[in-house]
1. Note down the Stokes-Einstein diffusion coefficient of region 5-64 in µm²/s, whole number, using a Kirkwood radius over alpha carbon pairs, 37 °C, and 0.692 mPa s.
2. Under a crude label model (7 Å from the Cα following the beta-carbon direction), how far is Asn55 from Glu16 in nanometres?
3. Between Arg25 and Gln45, what FRET efficiency follows from the Cβ-Cβ distance if R0 is 30 Å, with the result rounded to 0.05?
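Bear in mind these aren't lab numbers, they're just calculated from the coordinates by the rules spelled out. Just so it is clear, the model here is predicted, and its values are computed rather than measured. Neighbour counts are summed over all protein chains in view; Cβ atoms, including those assigned to glycine, are modelled from backbone coordinates with ideal geometry.
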Amino acid sequence: MGKPIGEYLVEAGLLEQSQVDIALREQRQTGRKLGEIIVEHGWLQAQTIEYWMKNVIIPHRRITQPPQPKPVANQVFPPKPPAPPPLPRVKPPEETLVIGMEQISIPPQVSAPEPLPKVKDVQNQETLILEIKDLPPLD
């Protein structure tokens with residue numbers, strides 16, 4: 001159901017927690033609405049509670065809680081399908097250069113490509129996988 005109405009009013013500085021406790025005790029004894037009890041004690045005006053309910057409490061509850069499906073009499077829900085198994089991780093063939101999601105085959109006789117320039121923006125880097133045989137020799 002969300003946060004209790006009294007908690008909203010205390011957080012807003014409109015009521016003290018002790019006032020809310022008194023009103024809740026009376027509500028349990030009488031079954032009356034909390035707002036009616038607060039107004040009867042003179043702690044807040046009815047218009048203030050109405051404003052808070054309409055413009056703060058109800059909208060906040062709608063935002064913070066997902067909508068609940070309304071039950072339909074005798075409705076049977078089908079079981080959820082099982083989750084698909086995870087995809088297997090496959091090692092690319094030795095002669096494949098993988099850049100992001102694209103695969104480019106490089107024939108073995110082709111020399112290694114020039115090194116890519118260093119990218120400063122980490123967000124835009126792509127994954128590059130090279131086999132050791134594809135790298136130029138260290139001199």
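1. For the chosen part, D equals 280 µm²/s.
2. Each label point is offset 7 Å from its Cα along the Cβ direction, giving 2.7 nm.
3. Details: r = 22 Å, r/R0 = 0.73.
With a Förster radius of 30 Å, E is 0.85.
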